Amino acid sequence: MQLFDRKRWTLLAALAVLAACSSGGRELPPASAGGDGAVYGAAVSDAPVQIGPPYTINGRTYTPADPSHYDEVGLASYYGAELSGRPTANGERFRPSGISAAHRTLPLPSYVEVTALQTGRTILVRVNDRGPFADDRIIDLSVGAARQLGIEEQGTAPVRVRRVQPVESDRARLRAGQPAQPRLQTSPQLLEALRAQFERGGGIIPQATPSPDAPAATGRTATSTASGGNAGPSTAGVNWQVEEEPQSRPVQSAPPAAAAGDYYVQLGAFSNAANAQRLASRAERLGTVRIVSAGSIRRVRLGPYPTQTAANQALSQARSAGFGDARIFRDPAR
């Protein structure tokens, strides 16, 4: 690969700064952007995870989603003290010194690694707000996150943003407004490739290794395996669904799931259909279990539950049964 031209990079960075800093005139998203019923000043918590319905800013509609893979190169900006104490899209109070960020469509909260392409420095950031709404940017950092990343003086900077699932100790530090443990620096070879991607206009970086199985059919409800008829994990009691048509078969166990509600306990998300089926079969004894398909992603969920209290009870039961990655989602669109 051709060596990176430092003069050219300096010019690109200067143009990014001139594009405008994010702190001036930041448009606030509607309250519904973070999920229905967010409470201003709510306690900082990772539960429930909120996806939220589509929302419109400046004539453009954004549709929140829960991708298992998200990796993008583009511009980062930041917002600071002028919004201190204001509500974020999921109802928390904005802390400028915290290590947080706004993203247009990722679930709230989510965790991402943000890498500064000029230096290779990488930090872990908690996404709890919606934005930015300037077309040339992909993430809006708090001033604390911008300072930790080393871009506070620049206003905007080229970055890579990659969704991750950090350990609970790092989650807890970010919820408390403190930086997570240091991340590894990006290798020179990867950094050069990311810079080249930015020069080409940035955008989504595809998953390096595709799923070994073909995507499951997205027709009506089906219970066949995704291996083309070969023997696979049992699907008894597991419902295969398209995103637009949720259905489920209740299983008698405690606590019972209510017939209506928008809280779910998500046990896992998979691109591999067999893995999703295997996990769902293990979870069958916990209650109403469903596999919801959105594109090539399969989400294994319990529920729905009418209240967060009921979902918390189901979450506790799931974790006691060995499902350590279980999380509560609130998804009014389902």
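Every read-out reported here was derived from the displayed coordinates using simple, explicitly stated rules and does not represent laboratory data. Small disclaimer: the values here were computed from a predicted structure and weren't measured. Cβ sites come from the backbone with ideal geometry, for glycine too, and all protein chains shown count toward neighbours.
What the table shows:
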quantity: Region 117-204: radius of gyration over Cα atoms, expressed as a fraction of 2.2 N^0.38 Å; calculated: 1.11
quantity: Simple spin-label estimate for ARG93 and ALA176 in nanometres, 7 Å along Cα-Cβ; calculated: 1.9 nm
quantity: Contour minus Cα-Cα distance for VAL164 and SER84 (0.36 nm per residue); calculated: 26.1 nm
quantity: Rounded D (µm²/s) - region 65-181, Kirkwood Rh over Cα pairs, Stokes-Einstein at 25 °C, 0.890 mPa s; calculated: 179 µm²/s
